[in-house]
Amino acid sequence: MCAFFSTLPKSLHWKTQRNACMSIFWSHGFIFGVWATLIPILRDQLQILPGLLGMVLLSLTVGGLIAMRLAGWLIKNFSLTRVLGLSGLFGCFMLMALLLVHNSVQLAIVLFFIGCGMGLLDQLMNAQSLVIERRSGRKIVSSFHGMWSLGTLMGSGVGAFILHFSTVQVEIIFSALLAGGLIYFSSHYLLNPSPLPVEAISPKATELELTLQQSASSAALSLGSSSSESTFHSEGSSVLTTGRMDYCSLVLVALMMALAFAVEGSLLDWAGLYLKEFYHLSNSAAGLGFTSFALVMLIGRLSGDKVRSYFPDFTVLRLALLGVVILGIGLISSSVTFTILCFALTGLAICNAAPILFALAGRIGESHGIHGEVHSIGWAASLAYAGLAGIPPLLGLVGQYFTMAGIFIVVMVFCLLIFIGTFLLPSSYNSR
C-alpha cells in the first residue's frame with residue numbers, strides 16, 4: 001500500500017486518505033440511519049416492551065466496548081486495512097442476520113455482534129481522522145463528523161423510501177451490501193500502522209506532522225488496548241497520571257462527550273417510536289423524526305469549522321441550552337409537524353458538540369506530546385461510543401415505567417448538563 005501511495009502526486013496523498021476515511025464515516029453513519037428505521041419494526045414484530053427493548057439494545061454497546069479492548073491486539077497481529085475492512089464487513093454481515101431473529105434473545109445476540117464490528121470500526125476511523133488531519137495541516141475533523149451525519153440522514157431516508165415501496169428484507173440486504181462493500185474498498189486507501197515514507201507526506205505538513213507520521217499513526221491504532229496503556233506509561237506521557245487538572249478536565253470533557261452522543265443516540269433510537277406512539281404514524285413516516293434531526297446536524301457540522309472561526313468553543317457548546325428549550329416546546333406541542341421541527345432544531349443546538357469536544361480532548365493532552373494527545377482523544381472516544389450506543393437503550397426503562405415523553409425529558413437534562421459543563425472547564429481550553 002505504501003508503495004502504491006508513493007506513486008501518487010504528493011498533493012493528492014493525504015486527500016486520497018481523507019476521502020477514503022470520509023467514505024467510511026459515511027458508511028458507518030448510513031448503517032446507524034438504517035437501524036433507526038428498523039427499531040419500530042423489530043419492536044412490533046417481536047412484541048418487545050420498551051424496557052426490554054432498551055436492555056436488548058444495550059447488547060450493541062457491550063459488543064462495541066469489548067471489541068475496542070481487542071483493537072490493539074488485532075492490529076498488532078494483522079494489518080490496519082485488514083482489521084478495519086473486515087470489521088465493517090462483519091458488522092454489515094451481521095446486520096443481515098436480523099432477518100433470522102424470532103425473539104428478543106436472538107435479537108440481543110445479533111446486536112452484540114453488530115456492535116463488535118461497528119464499535120471496532122468506530123474506534124479505528126476516529127483515530128484515522130485525527131492522523132489525517134495532522135497530515136493535512138488543516139481543520140477537517142468537523143467534516144468527517146459531517147459525513148457521518150450525512151450517512152445517518154441518507155440511511156434513514158433510503159430506509160424509509162425502501163420500506164414505503166418494498167420490504168424490510170430488501171432494505172436490510174441493500175444497506176448491508178452497499179455499506180460493507182464501500183467500507184472494505186475504502187479501507188485499502190488508509191494509513192498503515194507501520195512508519196510512513198517521507199515522500200508520501202503533504203508538502204504543507206509542519207514538523208509536528210512529520211513527527212506524527214513516525215509515531216502517532218501506530219499509537220492511534222492501539223487506542224483502548226492494554227498494550228497502548230503500557231506504551232504511554234513506559235514513555236512517561238500518560239495523560240491520566242501526570243497531572244490532576246489534566247485528569248479532571250479530561251474526565252469532564254469525556255462525560256460531556258458521552259452526553260452529547262447520548263442526545264444523538266436517543267433521537268436515533270426513540271424519535272420514531274415517540275412519533276408512532278403519540279401521532280400514530282406509519283413506519284416510514286415515523287422515520288422523519290430522526291431524518292430531520294440528522295439533516296440539521298449535517299448542515300451544522302459541515303459549517304462547523306466556519307462557525308468556530310467566529311466564536312470561541314465554549315460559546316458554541318453553550319448552544320446546548322437551546323436543546324432544552326426546543327425539546328420542551330416539542331413535547332407539549334399537539335402538532336406532529338411542529339414536533340418533527342423541534343427534533344430537527346435540537347440538532348442545531350448540539351451539532352458541533354462532538355467535534356469541539358474531540359478538539360478539547362486533544363488540547364488537554366497536547367502538553368504531553370503527540371502521544372498524550374492521541375491517547376486522550378481515544379480515551380474520550382470510548383466514552384463517546386458508550387454514550388451513543390449505551391445510554392439511549394437504558395432510557396427504554398423510562399419509556400416503559402413512565403412515558404415515551406419521559407425519555408426526551410431526560411435528553412433535555414443531558415443538554416442542560418453539557419451547558420453547565422462548559423463553566424466547569426478551565427478557561428485556558430477555550431481557544432478560538
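For segment 109-188 and segment 23-102, write down the distance between their C-alpha centroids in whole Å. One Cα centre to the other: 11 Å. The order of Phe161, Phe25, going from fewest to most other C-beta atoms within 10 Å of their C-beta, is Phe161, Phe25. Scalar couplings 3J(HN,Hα) for segment 26-36, obtained by applying the Karplus form with A = 6.51, B = -1.76, C = 1.60 to θ = phi - 60°, are 4, 5, 4, x, 4, 5, 5, x, 4, 4, 4 Hz; x denotes Gly and Pro. Between Phe278 and Ser309, the modelled labels are 3.9 nm apart [label points 7 Å from Cα along Cα→Cβ]. Projected label points at Phe402 and Phe174, each 7 Å from Cα along the beta carbon direction, are separated by 3.8 nanometres. Per residue, the average separation of C-alpha pairs within less than 8 Å and at least 6 apart gives segment 50-122 a relative contact order of 55 percent.
Taking label positions 7 Å along the Cα-Cβ direction at both Asp44 and Thr167, the computed distance is 1.6 nm, reported to one decimal. Once the Cα-Cα distance is subtracted from the 0.36 nm per residue extended length, the Arg82 to Tyr247 segment shows a gain of 56.0 nm.
Exposure proxy for Lys276, Lys306, Lys76: other Cβ atoms within 10 Å of each Cβ, ordered fewest to most, give Lys306, Lys76, Lys276.
This ranking places Asp122, Asp44 by how few other beta-carbon atoms lie within 10 Å of each, fewest first, which gives Asp44, Asp122.
Separation of segment 244-292 and segment 298-342, taken as the distance between their Cα centroids, equals 13 angstrom. Our summary of shape: the Cα atoms of segment 40-89 have principal axis extents of 43, 19, 10 Å, ordered from largest down, in whole angstrom.
Every number in this text was worked out from the coordinates using simple rules, so none of it is lab data. This structure is a prediction, so every number in the text was calculated from the model and none was measured. We place every Cβ from the backbone using ideal geometry, glycine too, and count neighbours over all the protein chains shown.
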